[in-house]
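S.K.: Let me begin by handing over the structure; questions about it come next.
The values are calculated or read from the model by the stated rules, or taken from the named source; none is laboratory data. All values reported here derive from a predicted model rather than from experimental measurement. Here the Cβ positions follow ideal geometry from the backbone for every residue, glycine too, while neighbour counts run over all protein chains shown. In case anyone asks, the SASA skips ligands and DNA or RNA and just uses the protein heavy atoms, side chains included. Shrake-Rupley method; radii C 1.70, N 1.55, O 1.52, S 1.80 Å.
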Amino acid sequence: VLTLATLIIFYELLTDISQKPKLSFFLTLALWFNPIFYNATLTFMTEIPALFFIISGIYAYHKGFTHKKPWWLFLGSVLSILGMFTRQTNILIMVAAGLYALAQLKQIKFRHLLWSFGIPAIFGLSMYYWLSVHALLPPAIESHYLKETKKILERARWWLFYTLMYLGFFAMPIAAGW
């Protein structure tokens, strides 16, 4: 279900941006038949839900910024927060949109931006705190302490490699569509 929803929203996003339905259709097929995406649809891992929240959040932010509608920005922030509980890096979509929103203060009122980004952020932090207090967070989400500089650099190198691979395989159709 999330795979189908991701593909439909991706198609709508590309069509809205490019105004070329045929190109959007072929780029959506490129995402669908991407080896990682296709294989991840057959598992219970978090790649598909995370990508669903990323693409849905980007779509909502795109609608919010192009139509100057704070409700879409709020929805994008909520999707980003929900995605954070799937993959922590999903929160970066909200951070990027928030920074872009601050650059667009002349077009969108500050109080709308505060409502669109502040309320979901407070909700997300409150939910995270509540889950932490009640010991409901998975152990992998807890902080890791690396005391040696060499281990920190090694871990940073692997995360950079992982992030580039993750973004490269999943974002290539988005980049081509843009």
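S.K.: Indicate the gyration tensor shape class of the chain (rounded, prolate or oblate), computed on the Cα atoms with a ≥ b ≥ c the square roots of the eigenvalues: a/c under 1.5 is rounded; otherwise a/b larger than b/c is prolate and the rest oblate. Walk me through the intermediate numbers first.
M.R.: Values: a/c = 1.71, a/b = 1.12, b/c = 1.52.
It is oblate, given that a/c is not under 1.5 and a/b is not larger than b/c.
S.K.: Per residue, how much accessible area does the range 1-90 have with a 1.4 Å probe, in Å²?
M.R.: That works out to 52 Å² per residue.
S.K.: Taking the Cα centre of the chain as origin and charging only Cβ (+1 Lys, Arg; -1 Asp, Glu), how large is the dipole, in debye to the nearest 20?
M.R.: 500
S.K.: Starting from the amide H of K69, placed 1.01 Å from N in the peptide plane, find each other amide H under 5 Å away whose residue is 5 or more places distant or on another chain.
M.R.: Those qualifying (amide H under 5 Å, at least 5 residues apart or on another chain) number zero.
S.K.: From the helices alone, meaning DSSP H stretches of at least four residues, give me the mean residue ellipticity at 222 nm for the chain, per-run term -39500 (n - 2.57), in deg cm²/dmol to the nearest 500. Can you show the working numbers first?
M.R.: Numbers: 9 runs with 132 residues, N = 178.
So the helix-based figure for the chain works out to -24000 deg cm²/dmol.
S.K.: Okay, moving on. Of the options A156, W32, Q19, report the single residue whose Cα projects farthest towards the positive end of the charge dipole of the chain (beta-carbon charges: Lys, Arg +1; Asp, Glu -1).
M.R.: Q19
S.K.: Starting from the Cα-Cα distance between V133 and L105, subtract it from 0.36 nm times their residue separation and give me the gain in nm to one decimal.
M.R.: Details: separation 28, 0.36 × 28 = 10.08 nm, distance 3.69 nm.
Here the segment from V133 to L105 would lengthen by 6.4 nm.
S.K.: Please list the helices of the chain that count as membrane-span-like by this rule: a mean Kyte-Doolittle hydropathy of at least 0.0 together with Cα atoms stretching 27 Å or more along the helix axis, each helix being a complete DSSP H run.
M.R.: Sorted by number, the helices that extend far enough and score high enough are 47-67, 149-177.
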